[in-house]
Amino acid sequence: MKLRRVFAALLTLVLLCTLWLPAGARHERPDVDHPFDNSAFAAVGDYRIHYRTFPAENARGQIFMIHGFALSSYCFVALAEELVKAGYTCVLADLPDFGYSTREDKNTDRLPREEIMHGVMTSINSDPWIVAGHSMGGYVALELALQYPDDVAALLMYGTSGNDGAGGIREKMMNSDLLLSGMGNLLETMAKSPALVRLLYIFACNSVSYAMHYDVSKIIDPYYIRGTGEGALRNFLMLPATDYDAVRRMQPFLFVNGDHDYVVTDSARKNLRAALPQGSVDYVVKGGGHMCIETHAEEVANVTVDFLESR
């Protein structure tokens, strides 16, 4: 009950902040064709998926990274740069409706997220990939590993849990286009306020200093692409529930979480933690929040490399 009260208080604060915090300077629509120097795009069905490649010389392996809810590929950059130093080429992809990938509409022939990400991976390189997922991206990474085991050499899970399916407000949103549209518009409004985004990032990072020096334009810019808010919510709602019996039969994987993660809590992780395959590594970042892949990138990279080298 205490956790529910804290969550309710935070949600009230967020909603109030959307009313009085400034939306920031007027933005032009970002350059969706050339957002970064290392940007590229892959076509999968009706989708045009944006990804960034961070190459390593004489690469020891290739890692495909899938970001979490409301974010995009930028959140993996700090970790990717550390892993490149260790000899791993990293590819950071934007899920549909996030970052600079396709925004779905009523004419889109929607595909499962894991099918889309698998299509991107294999279009880049047909060799098996190490697959990494953060937060909601962990749901996608886990399902991808379950559905395409021959193409996944290893699985890395950061700040995530299993997906226990829709319930409560999520179930209502799935059955109401009006509610989904309204909540999507609210998300877009919130995401365009630099002050509010920075406030929420303090919560996600468990670090005031890190969040106060963070370039929040990385988060904000994609929200000036029409349809981002509603699309982000629809992505979350359409993800399949995790089959924990199938997870138990998987190869061992890396499971990394911050001990101050207030987004994905220990209670949310309990079902996945109980289903970890024998030999998996369950690592806790001391002082780490939900975004420990950024704030503790060097530590998380070291744990990742140790896990990969032990296989």
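A few notes on this one:
- Of all residues in the range 222-265, those that are part of a helix (DSSP H, G or I) and over 18 Å from the mean Cα position of the chain (by Cα) total 6.
- Complete set of residues in the range 182-193 that are surrounded by 17 or more Cβ atoms within 10 Å (Cβ to Cβ) and small (Gly, Ala, Ser): Gly184, Ala191, Ser193
- Of all residues making up the range 80-100, the number that are within 14 Å of the chain's Cα centre (by Cα), assigned to a loop (DSSP other than H, G, I, E, B) and small (Gly, Ala, Ser): 1
- Tally, over the range 279-311, of residues that are within 27 Å of Ala70 (Cα to Cα) and among the basic types (Lys, Arg): 1
- Scanning the range 105-116 for residues that are surrounded by 20 or more Cβ atoms within 10 Å (Cβ to Cβ) and either in contact with a helix residue (DSSP H, G or I) (Cβ under 6 Å, 6 or more places away or on another chain) or not aliphatic (A, V, I, L, M) (or both) yields Arg113, Glu114.
- Subset of the range 239-290 (residues that are of a type in the set (Val, Ile, Thr) and under 21 Å from Val131 (Cα atoms)): Thr242, Val247, Val256, Val264, Val281, Val284, Val285
- Checking each residue in the range 119-150 for being small (Gly, Ala, Ser) and either buried (at least 23 other Cβ atoms within 10 Å of the Cβ) or under 18 Å from Gly61 (Cβ atoms) (or both) picks out Ser126, Ala132, Gly133, Ser135, Gly137, Gly138, Ala141, Ala145.
- Met173 being modelled with pLDDT of 95 or more and not polar (S, T, N, Q): no
- Residue count for the range 76-89, restricted to those that are surrounded by 24 or more Cβ atoms within 10 Å (Cβ to Cβ) and closer than 22 Å to Ser217 by Cβ: 3.
- The set of residues in the range 194-250 being among the small types (Gly, Ala, Ser), surrounded by 21 or more Cβ atoms within 10 Å (Cβ to Cβ) and more than 27 Å from Gln147 (Cα to Cα) consists of Ala204, Ser207, Ala211, Gly229.
- Search result, residues across the range 229-263 that are touching a residue at least 60 places away in the same chain (Cβ under 8 Å) and in contact with a strand residue (DSSP E or B) (Cβ under 7 Å, 6 or more places away or on another chain): Phe253, Leu254, Phe255, Val256, Asn257, Gly258
- Within this structure, Phe69 fails the test of being among the aromatic types (Phe, Trp, Tyr), closer than 23 Å to Gly162 by Cβ and crowded, with 19+ Cβ neighbours inside 10 Å.
- The range 184-221, subset in a helix (DSSP H, G or I) and among the hydroxyl-bearing types (Ser, Thr, Tyr), residue modelled with the lowest pLDDT: Thr189
- Filter result for Ala78 (under 24 Å from Gly138 (Cβ atoms), touching a Ser or Thr at 6+ places or on another chain (Cβ under 8 Å), among the aliphatic types (A, V, I, L, M) and touching a residue at least 40 places away in the same chain (Cβ under 8 Å)): no
- Across the range 270-291, the qualifying residues are those that are assigned to a helix (DSSP H, G or I) and of a type in the set (A, V, I, L, M, F, W, C), and the one among them that is surrounded by the most Cβ atoms within 10 Å (Cβ to Cβ) is Leu272.
The values are calculated or read from the model by the stated rules, or taken from the named source; none is laboratory data. Keep in mind it's a predicted model, so treat the numbers as computed, not measured. Note: ideal-geometry Cβ built from the backbone for every residue, glycine included; neighbour counts use all protein chains shown.
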